[in-house]
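Student: Pasting a structure here, questions to come.
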């Protein structure tokens, strides 16, 4: 299994961090942590950009985060034109990583506030693709 199953539009099938997709399908949000310097990265990286080692391990993001900022996307990029409007947010999680992702359409836009507590959850789309979203 590779990255062809990730997201709403996928452009590559092979990646060194392809297990990310397997974890999403199993209901877990995983990322990588460098065993040398201890830095956690999201999205997952097979090589640490901080100390340049390939000595990384998979760790789970527990899902508890705080929304730092968000924006409403009214004009989506190519491939997402028919999905607008949608909300993108950046949240910081207990593991110390900041993650960019969609805010669930289940949340009323009027209820979204900077500083609100959110969870990061895997979502399986109707077409079999998998993504992650921010939910309350």
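Student: Kindly list the number of the only condition in (1) outside any loop (DSSP other than H, G, I, E, B); (2) within 19 Å of residue 122 (Cα to Cα); (3) modelled with pLDDT of 90 or more that fails for residue 43.
Tutor: (1)
Student: Related question: Considering 102, 110, which residue is surrounded by fewer than 13 Cβ atoms within 10 Å (Cβ to Cβ) and free of Cβ contacts under 8 Å to residues at least 60 places away in the same chain?
Tutor: Of the residues listed, the single one that is surrounded by fewer than 13 Cβ atoms within 10 Å (Cβ to Cβ) and free of Cβ contacts under 8 Å to residues at least 60 places away in the same chain is 110.
Student: Return the pairs, sorted by first residue and then second, in which the second residue is in a strand (DSSP E or B) and surrounded by 13 or more Cβ atoms within 10 Å (Cβ to Cβ), the first residue lies in region 45-63 and is in contact (Cβ under 8 Å) with a residue 24 or more places away in the chain and at positive phi, the beta carbons are less than 8 Å apart, and the residues are 6+ apart or on different chains.
Tutor: Listed pairs, sorted by first residue: 63/93; 63/119; 63/120; 63/121.
Student: Another question, then. What single numbered condition from (1) outside any strand (DSSP E or B); (2) over 14 Å from residue 136 (Cα atoms) fails to hold for residue 110?
Tutor: Failed condition: (2).
Student: Now for a separate question. Please enumerate the residues belonging to region 80-97 that are within 11 Å of the chain's Cα centre (by Cα), within 19 Å of residue 123 (Cα to Cα) and touching a residue at least 24 places away in the same chain (Cβ under 8 Å).
Tutor: 89, 91 - these are the residues of region 80-97 that are within 11 Å of the chain's Cα centre (by Cα), within 19 Å of residue 123 (Cα to Cα) and touching a residue at least 24 places away in the same chain (Cβ under 8 Å).
Student: Considering only residues of region 115-136 that are surrounded by 12 or more Cβ atoms within 10 Å (Cβ to Cβ) and in a loop (DSSP other than H, G, I, E, B), which is modelled with the lowest pLDDT?
Tutor: The residue in question is 129.
Student: May I ask you to verify whether residue 52 is modelled with pLDDT under 95 and within 25 Å of residue 19 (Cβ to Cβ)?
Tutor: When the stated conditions are applied, residue 52 passes them.
The values are calculated or read from the model by the stated rules, or taken from the named source; none is laboratory data. It should be emphasised that the depicted structure is a prediction, and the values quoted were computed from it without experimental measurement. Positions of Cβ are backbone-derived with ideal geometry, glycine not excepted, and every protein chain shown enters the neighbour counts.
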